[in-house]
Each structure stands twice: as C-alpha cells, then as structure tokens.
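The values are calculated or read from the model by the stated rules, or taken from the named source; none is laboratory data. These numbers were taken from a predicted model, which means no experiment stands behind them. Backbone-built Cβ (ideal geometry, glycine too); neighbour counts: all protein chains shown. Only protein heavy atoms, including side chains, enter the accessible area calculation; ligands, DNA and RNA are left aside. Shrake-Rupley method; radii C 1.70, N 1.55, O 1.52, S 1.80 Å.
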Amino acid sequence: MGAHKTATTHLQHTLTNNQSRLLEHGVLFFGPPDLRGKNRKTINLALEGTYDPQDAAPPRRLVISDENLLGKAWSNDPNGPLFPFYPNPLARLEYFRHRFKGRKIKVALGLRNPATFMTSCYVQSIQGSVNGWDASWEDFKANRTLNDVRWCPIVQALNEDWIDEIFVWK
C-alpha cells in the first residue's frame, strides 16, 4: 500500500507499465486510477469475478496500491495540525474487508524516515498550493513535530484478524 511520500507512485507506475506481464502470471493490478471516483466500479467487477481484462486467464491474485487507503496523513491547511497522524488507517480498508471475505489478505506497507517524511510533506504543500498557501518551513513545522510521526500505531491498527500478513519496508 505505502504511506504518502514513500515512493508509492514509482511502484505504481512500474506495476502499471508491466500489467500485461503480471496478467500472464495471474496477477491483476489496480492503482489509484482504478480505485478512485467513477473507476471504483472496475474493482467491484474484479471482486465479483466478472472483470475480464483483455480475455486473459482469470487472475489468481489481485494487487491494490493507493496511498490514500490509509486516509489523510495531514491536514490540507499548511498551518493547521498535521496530527493525529493517520487517525483511522482502517476506515478505507473496510471497503475491501467484506469483499475479500474468505480470501487471504496480505498488506504491504512502505514507510519513511520521519524527518524526510516531514520535509516531503512540506514541499508537497507548497507545490500543490491550489489555495495560495505559502507557509514558511518554520510555520509548517510549528504544528508538526517529528515526535508525532509514529509508524508503530499504524502497523498495530492493521493487525486485524481479517488481515493474514503484514509486510513493512522502509
């Protein structure tokens, strides 16, 4: 899955660029375009077993990757509080819980050093400042401390009985 700012986009592009190879080996990949908005219907079809990508053999595995599955990591307001850090990481995963009932579920989670995570969040906040935000680094970090970036509670929250395995990498 990958938390925000953990090179998830690079992984997703690699998997997307190799979709035909993955399908040859029975692996169907869904990234953000398949999981967000109107395209969510595609994943419902796959889970029902009625999605037939290019008349390929039925997939044996479904790989889903979207950093938004954990929810929001920070507030949209660069001067507002960043935390609680991923306050409810299971909320969006609940969408899949009942659809995967009876299937083996493995969650892979990419993490990042808190210091570079914070820096990357700041850069994204000023790059994507659609609302004209131009907070200084000092303003940005005033409401966000490195001590608040804790990955253990996220992993612990994912330790549910319906999730069979959790893989974590940094």
Item to check | In region 139-150, the residues that are in contact (Cβ under 8 Å) with a residue 60 or more places away in the chain and among the hydrophobic types (A, V, I, L, M, F, W, C) | outcome: PHE140, ALA142, VAL149
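Looking at ALA115, ALA91, which one is more than 19 Å from the chain's Cα centre (by Cα) and open to solvent by less than 60 Å² (accessible area, probe 1.4 Å)?
Details: ALA91 fails: more than 19 Å from the chain's Cα centre (by Cα).
Matching residue, one of ALA115, ALA91: ALA115.
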Next on the checklist: Tell me yes or no: at least one residue of region 122-144 is of a type in the set (Ser, Thr, Tyr) and outside any helix (DSSP H, G or I).
Outcome noted: yes
Next on the checklist: Which of the numbered conditions does GLY49 fail, given that it passes all the others? Conditions: (1) surrounded by 14 or more Cβ atoms within 10 Å (Cβ to Cβ); (2) of a type outside the set (S, T, N, Q); (3) farther than 17 Å from GLY110 by Cβ; (4) at pLDDT below 75.
Outcome noted: (1)
Item to check | In region 154-170, the residues that are touching a helix residue (DSSP H, G or I) at 6+ places or on another chain (Cβ under 6 Å) and either open to solvent by 90 Å² or more (accessible area, probe 1.4 Å) or farther than 13 Å from ALA108 by Cα (or both) | outcome: TRP162
Checklist outcome for this item: Subset of region 65-109, residues at pLDDT below 80 and on the phi > 0 side of the Ramachandran plot, comes to GLY71, TYR86
